[in-house]
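Taking it in order: structure first as structure tokens, then the write-up.
The values are calculated or read from the model by the stated rules, or taken from the named source; none is laboratory data. Because the structure is a prediction, the values reported are computed rather than measured. Here the Cβ positions follow ideal geometry from the backbone for every residue, glycine too, while neighbour counts run over all protein chains shown. These area figures cover heavy atoms from the full protein model, side chains too; ligands, DNA and RNA do not enter into them. Shrake-Rupley method; radii C 1.70, N 1.55, O 1.52, S 1.80 Å.
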Amino acid sequence: MQLTGAEIIIECLKEQKVDTVFGYPGGAILNVYDALYKHSDEIQHILTSHEQGASHAADGYARATGKVGVCLATSGPGATNLVTGIATAYMDSVPVVAITANVGKPLLGRDSFQEVDIAGIVMPITKHSFIVKDITMLADTLRKAFYIAKSGRPGPVLVDLPKDVMAELGSPNYPETVNIRGYKPSTGVHIGQLKRAVKMLGKAKKPLFLAGGGVNIAGANKAFTELVERTQIPVVTTIMGRGAIPTTHPLFIGNLGMHGAYASNMAVEECDLLFSIGTRFNDRITGKLHAFAPKATIVHIDIDTSSISRNIQVDIPIVADAKEAIEKLLEYVEPMEKKESWVEQIEGWKEEHPLRMKPKGDQMQAQDILETINEVFKEDDKIVVTDVGQHQMFTSQYLEVNEKTRLYMSGGLGTMGYGFPGAVGAQIGNPDSTVIAISGDGGMQMNIQEFATAVLEELPLILC
């Protein structure tokens with residue numbers, strides 16, 4: 001069976017069980033939109049008001065559903081408008097496939113109208129980027145793109161398509177298995193290393209768990225909470241790791257780092273074992289690298305080999321998916337007694353320097369607003385998406401995150417303008433959930449045009 005390149009794209013999206021794409025049309029990609037229109041009963045297209053809004057919405061959709069987010073853009077400025085959203089997804093390990101159009105093959109490399117080397121531009125901010133110049137490679141390339149995006153440490157992949165390739169006829173068939181030379185995501189857990197880590201847990205007098213965004217990405221929250229309760233070890237989180245354990249849990253101390261709590265930072269300063277899961281030890285949590293966790297033996301579980309000992313030299317490295325590693329830990333870890341003196345020391349720091357805002361008479365403050373959100377939406381299954389700035393830090397400190405609440409934000413890139421379109425994507429992916437976007441006056445204005453998207457789609461979004 002022969003199909004046009006545009007039709008092959010749609011068939012590949014259906015094969016990958018894609019039911020929603022976000023995008024903005026333009027001349028070079030119209031063939032894809034024509035094919036998409038014929039399958040509008042199977043794949044809904046969300047017309048955003050700007051390509052950056054499409055990339056952020058695809059990102060928010062991916063975070064809130066666990067599926068691969070898909071966005072479409074035309075050539076030239078359409079493609080370059082995706083770049084900030086692609087970089088945001090890359091820094092936060094979000095699986096997104098961006099499909100862009102380009103000028104026809106004879107016009108490539110000639111500074112043609114609306115031509116850019118988008119595959120080259122995004123090379124440092126994607127897991128991989130492709131330009132497909134041969135129709136016979138199209139179906140196989142798209143399957144590889146989805147495989148790369150969602151396997152190992154998730155991330156964005158870009159597929160660029162010259163206009164004439166989308167008009168040519170070709171076969172939609174491709175090999176049933178994906179085999180990419182040089183790309184073999186790690187699977188399984190090194191049991192020897194795991195047993196070493198368990199032994200260290202038993203010996204430590206002042207152990208501490210550090211949970212990063214990898215725990216949330218892996219959906220390991222329930223297993224991690226069970227591990228914490230079995231070991232009775234206190235927990236600090238990165239901002240992206242907030243919610244790895246309910247923030248109301250008695251063993252949760254708070255966020256770590258420059259935007260964290262005093263007790264959290266002191267716990268890292270004084271612990272003798274730091275058991276880290278799913279964090280890359282970025283500068284926001286470490287401060288001066290040579291002074292980070294000075295008394296601790298460090299265990300580090302991460303799915304990305306390159307993240308281990310890149311910033312902080314660790315003693316016991318374990319390359320594994322967070323959920324798989326935690327579930328294996330639960331097979332070997334015996335119930336432990338709470339280390340009372342260590343927990344009491346942490347409680348003393350919390351009482352000495354509590355996380356609260358100074359009262360200003362009758363003036364309302366951010367803390368009051370967030371505490372009200374906690375109370376009013378207590379029973380709701382809710383998703384909170386923030387922009388980037390001071391409001392983001394307030395939210396990460398005061399929002400209660402538990403089994404009913406998920407918190408998403410641009411953590412690695414710090415993208416102002418992410419919050420509202422990210423919330424649009426989250427709401428479309430979770431139509432029955434309460435979705436709250438929290439923004440500041442700066443970030444809100446950067447993608448304020450996506451109000452039109454929310455209105456046209458009749459989304460019941462709440463914006464604070």
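What whole number of Å gives the distance from the Cα centroid of segment 85-115 to the Cα centroid of segment 18-36?
Between the Cα centres of segment 18-36 and segment 85-115 lies a distance of 14 Å.
Where a ≥ b ≥ c are the square roots of the eigenvalues of the C-alpha gyration tensor, would you call segment 27-163 rounded, which needs a/c under 1.5, or, failing that, prolate if a/b is larger than b/c, or oblate?
Rounded is the answer for segment 27-163, as its axis ratio a/c remains below 1.5.
Is the chain rounded, prolate or oblate when judged by the Cα gyration tensor, a ≥ b ≥ c being the square roots of its eigenvalues, rounded requiring a/c under 1.5 and prolate requiring a/b larger than b/c?
prolate
Which value in nm describes the separation of the simple spin-label points at D134 and L330, placed 7 Å from the Cα toward the beta carbon?
In this crude spin-label approximation the distance works out to 4.7 nm.
If DNA, RNA and ligands are ignored and the probe is 1.4 Å, what is the ranking of V424, V376 by accessible area, most exposed first?
V376, V424
Leaving out ligands and nucleic acids, note down the accessible area per residue over the chain with a 1.4 angstrom probe, in whole Å².
I get 43 Å² per residue for the chain.
Excluding residues on the same chain fewer than 8 positions from K288, give the aspartates and glutamates whose Cα lies under 20 Å from its Cα.
E269, E270, D272, D315
Order S171, S93, most accessible first, counting only protein heavy atoms with a 1.4 angstrom probe.
Solvent-accessible surface, decreasing: S171, S93.
Using only the Cα atoms of segment 65-129, construct the convex hull and provide its projected area averaged over every direction, in square nanometres to one decimal.
For segment 65-129, the mean projected area of the Cα convex hull comes to 4.4 nm².
Roughly speaking, to the nearest percent, how much of segment 113-221's 1.4 Å accessible area is carbon and sulfur?
56 percent
Among the trypsin sites (Lys or Arg not before Pro) in segment 255-307, which ones are in a DSSP loop with at most 16 other Cβ atoms within 10 Å of the Cβ? Mind listing them?
Passing sites in segment 255-307 are K288, K295.
Please identify the trypsin sites (Lys or Arg not before Pro) of segment 173-247 that satisfy two criteria: DSSP loop assignment and at most 16 other Cβ atoms within 10 Å. Which are they?
R181, K205
Near the amide H of L273, under 5 Å away, which other amide H atoms are found, from residues 5 or more places off or on another chain, if H is placed in the peptide plane?
Counting only residues 5 or more places away or on other chains, the set is K206, L208, T297.
Could you name the lysines whose alpha carbon sits less than 29 Å from that of K38, not counting residues in the same chain fewer than 8 places away?
The reachable lysines, counting only those whose Cα sits under 29 Å from K38, are K14, K17, K67, K105, K133, K144, K150, K163.
Restricting to lysine pairs 8 or more places apart or on different chains, what number in segment 330-464 have Cα atoms under 23 Å apart?
Close lysine pairs found across segment 330-464: 6.
I'd like the chymotrypsin sites (Phe, Trp or Tyr not before Pro) in segment 315-417 restricted to DSSP loop residues with at most 11 other Cβ atoms within 10 Å, sorted by number.
Hits after loop and neighbour filter: nothing returned.
Can you give me the % of accessible surface on segment 394-452 that is carbon or sulfur? Probe 1.4 Å, all protein chains present, nothing else counted.
53 percent
Under a 5 Å amide H to amide H cut-off, with H placed in plane at 1.01 Å, what residues pair with V70 once short-range neighbours are removed?
When sequence neighbours closer than 5 places are left aside, the close amide H contacts are F22, V97.
Heavy atoms only, 1.4 Å probe, whole protein assembly: order L256, L355 by accessible area, highest first.
L355, L256
Where a ≥ b ≥ c are the square roots of the eigenvalues of the C-alpha gyration tensor, would you call segment 242-303 rounded, which needs a/c under 1.5, or, failing that, prolate if a/b is larger than b/c, or oblate?
The shape class here is rounded.
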